[in-house]
Amino acid sequence: MKKYSASPREHDSSAPLPPRRVDSIAWIPRGLRREEAAYYIGVGTTKFDQLVADRRMPKGRRLDGRVVWDRIELDMAFSDLASADENAIDGAFRKSASFR
């Protein structure tokens, strides 16, 4: 029976190691910096600041000397945004129905 190892070098020291995989989508931290929070919801930082100012996105939380946004709060706020094909009246009805 053939044994498999975690590293190709265990069998052949001349075999090159496989390239390291950089996976930027493997996991997302819970706390995001302003730029990351904006990127996470798909907008630039200026638009993100507008969304925070008009309360469509949550305010960040102060953590020592920095401000971070909770990814789950961003998800919830993003889900509350009207879809592109929904008008304001339909959006209001949808929101009022969810409170019943």
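Read the figures in this text as sums done on the coordinates, not as results from a lab. These numbers were taken from a predicted model, which means no experiment stands behind them. For neighbour counting, all protein chains shown are included, and Cβ atoms are generated from backbone atoms with ideal geometry for every residue, glycine included.
Restricting segment 41-73 to residues that are in a helix (DSSP H, G or I) and touching a helix residue (DSSP H, G or I) at 6+ places or on another chain (Cβ under 6 Å), the residue that is farthest from Ser96 (Cα to Cα) is Thr45.
May I ask you to list the residues in segment 46-81 that are of a type in the set (A, V, I, L, M) and closer than 11 Å to Leu32 by Cβ? Across segment 46-81, the qualifying residues are Val67, Val68, Ile72, Leu74. The requirement of being within 13 Å of the chain's Cα centre (by Cα) and in contact (Cβ under 8 Å) with a residue 12 or more places away in the chain is not satisfied by Val43. Considering Ala92, Ala77, the condition of being closer than 22 Å to Arg30 by Cα, part of a helix (DSSP H, G or I) and small (Gly, Ala, Ser) is satisfied by Ala77 alone.
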